[in-house]
Structure formats: structure tokens, C-alpha cells
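Have a look at this one.
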Amino acid sequence: MKIKIKRFEELTTAELYEILRCRSEVFVLGQKCIYQDIDMIDQASTHIYYEEDGKIMAYLRVIDPGVKYSAASIGRVLTMKEYRGRGLSRSLMTEAIRIASTLSNNIEIEAQAYLREFYKSLGFKESSEVFMLENIPHISMVLNV
């Protein structure tokens, strides 16, 4: 298992294809969420993921400040089904927070509401009421770094 940290332009076509495949499997197929995943934000993001034998185990992206929010943001956090329960998302989030904290003084996220306690355990605080995003309850959260 190896952690990879790459800007969009550093990703190979095979890596990008695997990232998009995993995001589609988890969010579109797994959560039955029909949305435009290819959102033109990947180009302004740092992609962090665990890989083993060319397969992504867990993934997220750190979005540059000024793209989605004035602050840095973290999104598309996922762990593939067969790798859940190993702490991979927590490990990736810790790395993402480290990277995002070099870009801005706070980090904003739109978390799926059922994961709010996970994000709170990383220091995030709720900054909105629950709202629907792509037919899934979400909550805005912020971490001051």
C-alpha cells in the first residue's frame, strides 16, 4: 500500500481513469447519486489516495482556495468497499488537512450528514444546518487551522 499525492497535471491517464472509476462506483452506483462528477475542479486540486497494485483503496481531493470557497476545501472522500474499516479515510484526511493548512487559514467541507461525527473527531465544526445536496443530506463544516 502506497500513498500518492499529485496535482492534476501530474496524474497519468491510467491514474485519472481509476480515480474517476472509483468515484463513480462509490457515489453514482453505490449511493445512487446522479450528478456531474467531472466538475472542472479536479484541475485545481491535489489528489491524495492509497493505491495497491494499481487499484485505489481510498481517495480524496484538496481543492485550492478560491475555487469552491474562499478557503481551501476537501471533497470526494471515499474508501472502496473492500478496504473499509482500516482507517484509510482518517489517514488521508490527516494528510489533506496538513496540505490544505498550507493554502489557507481554514478548511471548508460539505460533509454527508451521517459522517459529521467523523469530521468532528478531526476538529471540524458544523457551520450550517443539514441541507440536501444531490438528494443526500449534507452539512457544511469548517476547520480553523
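The values are calculated or read from the model by the stated rules, or taken from the named source; none is laboratory data. Keep in mind that this is a model prediction, so the values were computed, not measured. Please note: Cβ atoms are built from the backbone with ideal geometry, for glycine as well, and neighbour counts cover all protein chains shown. When the accessible area is computed, the model is the full protein with side chains, heavy atoms only, and any ligands, DNA or RNA have been set aside. Shrake-Rupley method; radii C 1.70, N 1.55, O 1.52, S 1.80 Å.
What does a probe at Asp53 reach in region 82-124, counting residues whose amide N is under 15 Å from the point 7 Å along Cα→Cβ?
The answer is 82-83, whose backbone nitrogens lie closer than 15 Å to the label point.
For a distance above 20 Å, tell me the whole-number percent of Cα pairs in region 32-94 that qualify. Please report the intermediate quantities before stating the final value.
Numbers: 663 of 1953 pairs.
So the portion of pairs separated by more than 20 Å is 34 percent.
Karplus couplings for region 91-99 from phi (6.51 cos²θ - 1.76 cosθ + 1.60, θ = phi - 60°), rounded to Hz, Gly and Pro as x?
3J(HN,Hα) across region 91-99, in whole Hz: 4, 5, 4, 4, 5, 5, 4, 4, 5.
Next question, about the same structure. From the C-alpha coordinates alone, can you work out the Kirkwood hydrodynamic radius of the chain, in Å? Could you put the intermediate results ahead of the total?
On the way: mean 1/r = 0.0651 Å⁻¹.
Answer for the chain: a Kirkwood hydrodynamic radius of 15.4 Å.
Let me ask something additional. Near Lys4, which aspartates and glutamates are there with a Cα under 17 Å away, not counting those fewer than 8 places off in the same chain?
Counting by Cα, and skipping residues close in sequence, Lys4 has these aspartates and glutamates nearby: Glu15, Glu18, Asp42, Glu51, Glu52, Asp53, Glu95.
Right, another one. Rounded to the nearest 0.05, what FRET efficiency do Met40 and Ala14 have when you use their Cβ-Cβ distance and R0 = 25 Å?
Working: r = 21 Å, r/R0 = 0.84.
Plugging the Cβ-Cβ distance into 1/(1 + (r/R0)^6) gives 0.75.
Whole number in Å², please: accessible area per residue of the chain, 1.4 Å probe, ligands, DNA and RNA not counted. Mind dumping the intermediate values first?
On the way: 7750 Å² over 145 residues.
Counting only protein heavy atoms, the per-residue value for the chain is 53 Å².
Measuring from label point to label point, each 7 Å out along Cα→Cβ, what is the Lys32 to Glu82 span in nm?
The two pseudo-label positions are separated by 2.5 nm.
Hey, can you grab everything whose amide H is under 5 Å from the amide H of Ser101? Only 5+ residues off in sequence or another chain; H modelled, so Pro and N-termini drop out.
none
Calculate the length of the line joining the C-alpha centroid of region 10-45 to that of region 63-123, in whole Å.
16 Å
State the percentage of accessible surface on the chain attributable to carbon and sulfur atoms; use a 1.4 Å probe and exclude ligands, DNA and RNA.
Working: 4090 of 7750 Å².
Result for the chain: 53 percent of the exposed heavy-atom area is carbon or sulfur.
Want the number for Arg21 to Ser91: 0.36 nm per residue separation, take away the alpha-carbon distance, what's left? Show your work: numbers first, answer last.
On the way: separation 70, 0.36 × 70 = 25.20 nm, distance 2.16 nm.
Fully extending the segment from Arg21 to Ser91 adds 23.0 nm.
For region 1-52, report the translational diffusion coefficient in µm²/s to the nearest whole number, using Stokes-Einstein at 20 °C, 1.002 mPa s, and a Kirkwood Rh over Cα pairs. Intermediate values should be presented prior to the final figure.
Working: Rh = 11.8 Å.
The diffusion coefficient I find is 181 µm²/s.
Counting Lys and Arg as +1 and Asp and Glu as -1, what is the net charge of the other residues whose Cβ lies under 12 Å from the Cβ of Val62?
Combined, the nearby Lys, Arg, Asp and Glu give +2.
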